[in-house]
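Here's the structure, in structure tokens; my notes come after.
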Amino acid sequence: MIMNRSDQALAIGALKSAAPYIRLYKGKTFVVKAGGGVFTDTASTRVLVEQIAILHYFGVRVVLVHGGGPQLTELSAALGVPTRMVEGRRITDQKSIDVTAMVLNGLINTRVLGICRDLNIDAVGISGVDAGLVRAHKRPPVPLAANGELVDFGFVGDIDAVDPSVLRKLLDNGLMPVVSPLSADETGTLLNINADTVAAAIGAALAAEKLILCTAAPGILGSLDDPGSLISYTDLRGLKRLREEGRIADGMLPKARAIEDALRGGVRRVHVVSYRAPEGILGEVFTNEGSGTLIVADVNALTPAEAQSAP
């Protein structure tokens, strides 16, 4: 690559601007959750993992949690297994849980590990089943808020506890865990758990500095149909208000609940960024302006200095 002097000055300037953040976050734990949409093609996956690699190189302890919804839907259709979503969550019967294991633990996890190897990241693929990382139970039938319909989600799990011991051991040895959200109950029955929910629970268990949710949208939008209505900064009260006003719906509902759980569980800051932007994560973490939406427990609790360095 040939770099002229103006490009060199820009690169050095960017490093100088990022230096305070690099010092601040070195040795801290970030949990990054990526939705399955980013894994639909190799180029998008690589753009995401390249950003995570930079965090890793700078000494951030990164745990990557991945979903796989689009791939699961595609393979289910190819195998003649119907897909039904209710309030942003997938109903999972016996055939579906088999497909889920194939997609999450096999296709996507291994594909991410392959790119990590190419980028010289020492990554290890695990799932919620490994070493009792995520302990869960089968969700009982629940009534829908909209109409009271009783829905059995099948082999879908609700988390009882997270034992982060295996993650800490990996991180302490300089390894990056790549986590599939598939889990199991005490009898070993496989359970599908929403990846946002798993990422939030892992973030809380590790007392993570940040939970970063990578989505197709640029962040949380003030208007569902307007990509330009990005909300750059809010808190739990603001998030609740958006949900009550119907500005958080469908697939964003599990994310909103995950954000709330993470912040109440001790994660300091949650970010929602776009995986479509080649600088989505880095722009959010290493600049004052950010690139997506930052959510904290209470904006009024931030000092002026903290508000200045919101990312």
Among the candidates Val38, Val63, which residue alone is open to solvent by less than 10 Å² (accessible area, probe 1.4 Å), in contact (Cβ under 8 Å) with a residue 24 or more places away in the chain and within 26 Å of Asp185 (Cα to Cα)? Val63
Checked pairs for the range 45-57, first over 13 Å from Met176 (Cα atoms) and in contact (Cβ under 8 Å) with a residue 40 or more places away in the chain, second of a type in the set (Lys, Arg) and assigned to a helix (DSSP H, G or I), C-beta under 8 Å and 6 or more apart or across chains, list as Thr45/Arg111
Looking at the range 173-273, what strands (runs of 3 or more DSSP E) fall wholly within it and have at least 1 residues that are at pLDDT below 95 and open to solvent by less than 50 Å² (accessible area, probe 1.4 Å)? 210-215, 233-235
Pairs only if they're at least six apart or on different chains, beta carbon under 6 angstrom, first in the range 198-219 and on the phi < 0 side of the Ramachandran plot, second open to solvent by 30 Å² or more (accessible area, probe 1.4 Å) and among the hydroxyl-bearing types (Ser, Thr, Tyr); list them, first residue then second. Cys214/Tyr275
Evaluation of Ser96 against (1) over 25 Å from Ser274 (Cα atoms); (2) part of a loop (DSSP other than H, G, I, E, B) (one fails), failing number: (2)
Residues of the range 135-172 that turn out to be within 13 Å of Arg89 (Cβ to Cβ) and under 19 Å from the mean Cα position of the chain (by Cα), as a count: 3
Among the residues of the range 116-129, the number that are crowded, with 19+ Cβ neighbours inside 10 Å and assigned to a helix (DSSP H, G or I) is 1
Only one of Asn147, Asn173, Asn105 is more than 26 Å from Gln51 (Cα to Cα) and out of contact with any Lys or Arg (no Cβ under 8 Å at 6 or more places or on another chain), namely Asn147
Yes/no for Glu279 being among the acidic types (Asp, Glu) and either under 21 Å from Lys26 (Cα atoms) or touching a residue at least 12 places away in the same chain (Cβ under 8 Å) (or both): yes
Look through Gly266, Gly290 and report the one residue that is in contact (Cβ under 8 Å) with a residue 60 or more places away in the chain, more than 27 Å from Met85 (Cα to Cα) and out of contact with any strand residue (DSSP E or B) (no Cβ under 6 Å at 6 or more places or on another chain). Gly266
Could you tell me whether Tyr25 is surrounded by fewer than 19 Cβ atoms within 10 Å (Cβ to Cβ) and at negative phi? no
Quick one: would you say Val32 is open to solvent by less than 30 Å² (accessible area, probe 1.4 Å), modelled with pLDDT of 90 or more and more than 20 Å from Leu191 (Cα to Cα)? yes
Going through the range 283-311 one residue at a time, which ones are in contact with a Leu (Cβ under 8 Å, 6 or more places away or on another chain) and at pLDDT 90 or above? Glu284, Val285, Gly292, Thr293, Ile295, Val296, Ala297, Asp298
Answer yes if at least one residue in the range 151-171 is surrounded by 19 or more Cβ atoms within 10 Å (Cβ to Cβ), in contact with a His (Cβ under 7 Å, 6 or more places away or on another chain) and closer than 30 Å to Ile231 by Cα, and no otherwise. no
Among residues of the range 274-298 being of a type in the set (Asp, Glu) and within 15 Å of Ile52 (Cα to Cα), the residue surrounded by the fewest Cβ atoms within 10 Å (Cβ to Cβ) is Glu279
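The values are calculated or read from the model by the stated rules, or taken from the named source; none is laboratory data. Keep in mind that this is a model prediction, so the values were computed, not measured. A quick note on method: Cβ atoms are made from the backbone with ideal geometry, for glycine too, and the neighbour counts reach across all protein chains shown. For the accessible areas, the whole protein counts, side chains as well, though only heavy atoms, and no ligand, DNA or RNA atoms are used. Shrake-Rupley method; radii C 1.70, N 1.55, O 1.52, S 1.80 Å.
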